[in-house]
């Protein structure tokens, strides 16, 4: 999948992935989401853990966009500009989440963190593959999640965090959209790019399967893990449209989310 | 006598090269700098440097060079930049970039403004004025960060002066080309 040098790579459950980016000593870095300390509901500790986790994910997003600038110096300048802009956006996200985390009594390093998205995405050796995973898969998944989360925080009486998340959502739409636009263009110019993207998606599936918790396994906080298919959030149709996913692609996400039975006949595969 | 159009394009193309190089330097440092707040400030300024490079790259086109034309500086200066990029500690990265590299580059911009005709070359001067304003804001942000995180304090007080001396060793960094070569660019 990649031409990672030994000093750049790590082994996780038999998979070769990119070694973690550097973190301060206060952080405990784990290799998968299954090792994270996820708390149910919207208790005080759960709120802090959610913000802490999100803050580190956004830190990873700066790192991934920045590493693309380093690894692909010959990429189109307009695309590099968008990656540079993404670095700024993600930096503002980290700063705003960290500010909010401190406001509710949290601190850096309070919970374990995982750099899963970095380790998978930065194992890939083409810019198209990285855009396909980081922007078009992970960040698009965030659109779905952020479509629901602000309401959840408001219900818990936290308007400030809801506003932070809504601002982040609007920026993420831009990141997903430019990836969709560039991938379309890259595929039009060279059909072989599709193969790179397909291999990247397969690689992600393999890594996800390798690190997934076993059935019945308990999380570090004593929760029973729900299956991946049960964790897929509701598809954020409106924002996926803003991000220039086609209707047929959105239909496919709906199908994967278990909405097949209520979709129009023509949309069912 | 002020600068010819070709010399202006070469200067602007050289500045663009430096901005892209510095953008890539900060990008390279983001994953391998441990402090989260430092990653954040580098991430912010990657975008500043990209916009500055872009503005310079549009200006090269107006000066009869290609769009987004970059001209590699003299070899010694490129070596200096490469050595700076390999700086390891966060303290040296922060102090080197904000207290040495940006002010030294600002001096080079000032020298350019002093040598060009500010009326004939006003579009370049406007771009540079904006860049100098950005530099000032970027340095202010780094000062705030240094105040917030005392661990970013530099122990080796001599190091910035040494870096500045190395930077200043090359009075002229533009690798001017023969007229024919410039026409083919």
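Taken together, the values in this text are just the output of simple stated rules run on the coordinates, not laboratory data. Quick caveat: nothing in here was measured; it's all calculated off a predicted structure. Because the Cβ atoms are built from the backbone with ideal geometry, glycine has one as well, and the counts that use them run over all protein chains shown.
If you check residue A:176 against the conditions, is it within 17 Å of the chain's Cα centre (by Cα) and either in contact (Cβ under 8 Å) with a residue 24 or more places away in the chain or part of a loop (DSSP other than H, G, I, E, B) (or both)?
yes
Can you list residue pairs whose Cβ atoms sit under 7 Å apart, with the first residue in the range A:8-30 being free of Cβ contacts under 8 Å to residues at least 12 places away in the same chain and within 14 Å of chain B (Cβ to nearest Cβ) and the second being assigned to a loop (DSSP other than H, G, I, E, B) and surrounded by 16 or more Cβ atoms within 10 Å (Cβ to Cβ)? Count only pairs 6 or more apart in sequence or on different chains.
Listed by first residue and then by second, the contacts come to A:8/A:19; A:22/B:31; A:22/B:33.
Determine if the range B:56-63 includes at least one residue that is buried (at least 20 other Cβ atoms within 10 Å of the Cβ) and closer than 20 Å to residue B:136 by Cα.
Yes.
Just to be sure, is residue B:31 at the interface with another protein chain (Cβ under 8 Å from one of its Cβ atoms) and not in a helix (DSSP H, G or I)?
yes
From the set of residues in the range A:103-120 that are part of a helix (DSSP H, G or I) and within 12 Å of chain B (Cβ to nearest Cβ), which is farthest from the chain's Cα centre (by Cα)?
Across the range A:103-120, the extreme among qualifying residues is A:119.
Go through the range B:35-94 residue by residue and tally those that are within 14 Å of another protein chain (Cβ to nearest Cβ), part of a loop (DSSP other than H, G, I, E, B) and without any contact (Cβ under 8 Å) to a residue 24 or more places away in the chain.
Looking only at that region, the number is 4.
Check whether at least one residue in the range B:8-28 is away from chain A (no Cβ under 14 Å), buried (at least 18 other Cβ atoms within 10 Å of the Cβ), more than 12 Å from the chain's Cα centre (by Cα) and assigned to a loop (DSSP other than H, G, I, E, B), and report yes or no.
Looking through the range B:8-28, none of the residues is away from chain A (no Cβ under 14 Å), buried (at least 18 other Cβ atoms within 10 Å of the Cβ), more than 12 Å from the chain's Cα centre (by Cα) and assigned to a loop (DSSP other than H, G, I, E, B).
Search the range A:69-90 for residues being under 16 Å from the mean Cα position of the chain (by Cα) and farther than 16 Å from residue A:166 by Cα, and hand back the single one that is nearest to the other protein chains (Cβ to nearest Cβ).
A:87
If you go through the range A:9-32, how many residues are under 23 Å from residue A:109 (Cα atoms) and assigned to a loop (DSSP other than H, G, I, E, B)?
Residues in the range A:9-32 being under 23 Å from residue A:109 (Cα atoms) and assigned to a loop (DSSP other than H, G, I, E, B): 12 in total.
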